[in-house]
Amino acid sequence: MSQRVLFLCVGNSCRSQMAEGFARAYGHDVIDAVSGGLSPAMLVDPSTKLVMGERGISLESHFPKTLGEALTPVPMLIVNISGTPLPHFAVGIPSEAWRVRDPVGEVSAVHREVRDEVEGLVMNLILRLRQKKPAPPTPSAPDAGGAKRFKFGRMG
């Protein structure tokens, strides 16, 4: 079962969009990813779309979302990439903070560095969530006679 995870940054134009893209591509079995911004930009940064496309992940249908849009339904985890404290109404929702440079207005090389860092962080999160996932039950093998044998001990 996948958990809803909100990737939150300031403009929801670069870092959180990258994280959402990687989580959807690599961790769809454990993460229902969404991203949002504290102060959403008008569009996803073109350099972000470019460098994610280099990894085979399209952000063409992505757009910046408000925190209100991203919080419905309520996520099981907030990954705060904004560098600022979470708003008061997010208190009570489990969260973790990632310190990642904001590439807004930077050259594509910086976007690539940030992309690679975000990819590693998302992969780590996916692995942690997969480790928490309960293993499927394994059927017990019947014995040679097809019946279960019980051992009775002495009480006492």
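The values are calculated or read from the model by the stated rules, or taken from the named source; none is laboratory data. Keep in mind it's a predicted model, so treat the numbers as computed, not measured. Backbone-built Cβ (ideal geometry, glycine too); neighbour counts: all protein chains shown.
The residue pairs whose first member lies in the range 45-67 and is under 15 Å from Ala23 (Cβ atoms), whose second member is at pLDDT 95 or above and of a type in the set (D, E, K, R), and whose beta carbons are closer than 6 Å, counting only pairs six or more residues apart or on different chains, are Leu59/Lys49.
Any chance you could count how many residues in the range 87-96 are assigned to a loop (DSSP other than H, G, I, E, B) and modelled with pLDDT of 90 or more?
From the range 87-96, those assigned to a loop (DSSP other than H, G, I, E, B) are 87, 91-94; that's our starting set.
Filter again for modelled with pLDDT of 90 or more, leaving 93-94.
Selection size over the range 87-96: 2.
Residues in the range 52-62 that are surrounded by 14 or more Cβ atoms within 10 Å (Cβ to Cβ) and assigned to a loop (DSSP other than H, G, I, E, B): Arg55, Ile57, Leu59, His62. If you check Val104, Val74 for being in a loop (DSSP other than H, G, I, E, B), modelled with pLDDT of 90 or more and under 20 Å from Leu129 (Cβ atoms), only one passes: Val74. If the condition is being surrounded by fewer than 21 Cβ atoms within 10 Å (Cβ to Cβ), assigned to a helix (DSSP H, G or I) and under 9 Å from the mean Cα position of the chain (by Cα), then the range 6-51 contributes only Arg24.
Considering (1) out of contact with any Leu (no Cβ under 7 Å at 6 or more places or on another chain); (2) modelled with pLDDT of 90 or more; (3) surrounded by fewer than 16 Cβ atoms within 10 Å (Cβ to Cβ), the lone condition that Arg112 does not fulfil carries the number (3).
When you check Arg99 against the structure, is it among the charged types (D, E, K, R), touching a residue at least 60 places away in the same chain (Cβ under 8 Å) and in a loop (DSSP other than H, G, I, E, B), yes or no? For Arg99, the condition - among the charged types (D, E, K, R), touching a residue at least 60 places away in the same chain (Cβ under 8 Å) and in a loop (DSSP other than H, G, I, E, B) - is not met.
When the range 40-69 is limited to residues that are out of contact with any helix residue (DSSP H, G or I) (no Cβ under 9 Å at 6 or more places or on another chain) and of a type in the set (Gly, Ala, Ser), the one that is nearest to Gly11 (Cα to Cα) turns out to be Ala41.
Applying the selection to the range 77-86, what residues are in a loop (DSSP other than H, G, I, E, B) and in contact with a helix residue (DSSP H, G or I) (Cβ under 7 Å, 6 or more places away or on another chain)? Reasoning before the result, please.
Within the range 77-86, the subset in a loop (DSSP other than H, G, I, E, B) is 81-86.
If the condition is that a residue be in a loop (DSSP other than H, G, I, E, B) and in contact with a helix residue (DSSP H, G or I) (Cβ under 7 Å, 6 or more places away or on another chain), then Ile81 is the only one that fits.
Looking only at the range 73-87, decide whether some residue is surrounded by fewer than 21 Cβ atoms within 10 Å (Cβ to Cβ), without any contact (Cβ under 8 Å) to a residue 12 or more places away in the chain and more than 25 Å from His111 (Cβ to Cβ). There is at least one residue in the range 73-87 that is surrounded by fewer than 21 Cβ atoms within 10 Å (Cβ to Cβ), without any contact (Cβ under 8 Å) to a residue 12 or more places away in the chain and more than 25 Å from His111 (Cβ to Cβ). Taken across the range 116-126, residues that are modelled with pLDDT under 95, among the aliphatic types (A, V, I, L, M) and not in a strand (DSSP E or B) do not occur at all.
So, in the range 88-100, of the ones that are exposed (fewer than 15 other Cβ atoms within 10 Å of the Cβ) and over 21 Å from Gln3 (Cα atoms), which residue ends up farthest from the chain's Cα centre (by Cα)? Among those that are exposed (fewer than 15 other Cβ atoms within 10 Å of the Cβ) and over 21 Å from Gln3 (Cα atoms), it is His88.
Hey, among Ser39, Ser61, Ser47, Ser35, which residue is within 16 Å of Pro75 (Cα to Cα) and small (Gly, Ala, Ser)?
On the way: Ser39 fails: within 16 Å of Pro75 (Cα to Cα); Ser61 fails: within 16 Å of Pro75 (Cα to Cα); Ser47 fails: within 16 Å of Pro75 (Cα to Cα).
One residue alone meets the criteria, Ser35.
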